[in-house]
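Here is the structure we will look at.
Just so you know, all these numbers are worked out from the coordinates, no wet-lab data involved. Predicted model, so just to flag it, every value in this text is computed and none were measured. Neighbour counts run over all protein chains shown; Cβ positions are idealised from the backbone, glycine included.
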């Protein structure tokens, strides 16, 4: 996966590469090369997100440690906001496994992984805006739905509900209703078994985005842009009304 210049790193190139390719590059070219590659790739992906209306003015830094597994976003890392890259996890998770069974890619591309990381960062930037505007009152809400935690972060159910749909847009056919439904259901089951987030909240957010995609004409880009238009009012403004009908099971 060696590239001659950063100009060779494009969204299409990142679509063709997987997490495992980073390990091969680390063995051949060293960890520092991989970190430089990922840093350049993040700039490309930030532009990709901006083209979809998600403009992240100050993307996080990136670090690479092949001795750990997975990718994690840490807004409070000791060296500043950071995307932490390790080696690939051993098994496909949730909706990614579902896509592989539907004859899509057997593993998510680097474009998907990096886009998801930057979408987490974009959500965190929106949360920071909310707390800057409203201070401690930003934690208050008029229902049982909790959007923010004590660390001034978006709760995982909302975060994943938004970012996983953008991942599907990259990896699959976002206009395929049964694909969206199956993908969301598989992630919900995965999260339910792991007991790591509020699954009802995840489904309310993901299904609302999916409903908007279903109701929209146009190409895949137009559909996902319309679907994710709830992101700013929900995350930055705390507008639960954007979840409409899907909120019922959470507040009942």
For this session: Could you state, as a whole-number percent, how many of the C-alpha pairs of region 82-140 are farther apart than 18 Å?
Result: 54
Exercise. Mean separation of Cα pairs under 8 Å and 6+ residues apart, divided by the residue count of region 1-69: what relative contact order is that in percent?
Worked result: 32
For this session: For the chain, calculate the relative contact order in percent as a whole number, restricting contacts to Cα pairs under 8 Å that are 6 or more residues apart.
Result: 17
Problem set entry | Anisotropy class of region 1-76 from Cα gyration tensor, a/c 1.5 cut | oblate
Exercise. Nearest-5 percent of antiparallel DSSP beta bridges in the chain?
Worked result: 55
Exercise. Under the rule of -39500 (n - 2.57) per DSSP H run of 4 or more residues, summed and divided by the residues of the chain, what mean residue ellipticity at 222 nm is obtained, to the nearest 500 deg cm²/dmol?
Worked result: -16500 deg cm²/dmol
Exercise. By how many nm would the segment from residue 244 to residue 214 lengthen if fully extended, with 0.36 nm per residue of separation less the alpha-carbon distance?
Worked result: 9.3 nm
Exercise. Tell me, how many Å apart are the Cα centres for region 188-225 and for region 19-38?
Worked result: 33
Exercise. For region 82-216, which semi-axes, largest first and in whole Å, follow from the square roots of 5 times the eigenvalues of its Cα gyration tensor?
Worked result: 27, 17, 14
Problem set entry | residue 65-residue 222 pseudo-label distance in nm [points 7 Å out on the Cα-to-Cβ vector] | 4.6
For this session: Scale the Cα Rg of the chain by the rule-of-thumb value 2.2 N^0.38 Å and send over the ratio, two decimals.
Result: 0.99
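Using a/c under 1.5 as the rounded threshold, could you call region 20-123 rounded, prolate or oblate? The axes a ≥ b ≥ c are square roots of the C-alpha gyration tensor eigenvalues, and prolate needs a/b larger than b/c, oblate otherwise.
Because a/c hits 1.5 or more and a/b fails to exceed b/c, region 20-123 counts as oblate.
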Exercise. Residue separation times 0.36 nm, minus the C-alpha to C-alpha distance between residue 102 and residue 50: what's the value?
Worked result: 15.8 nm
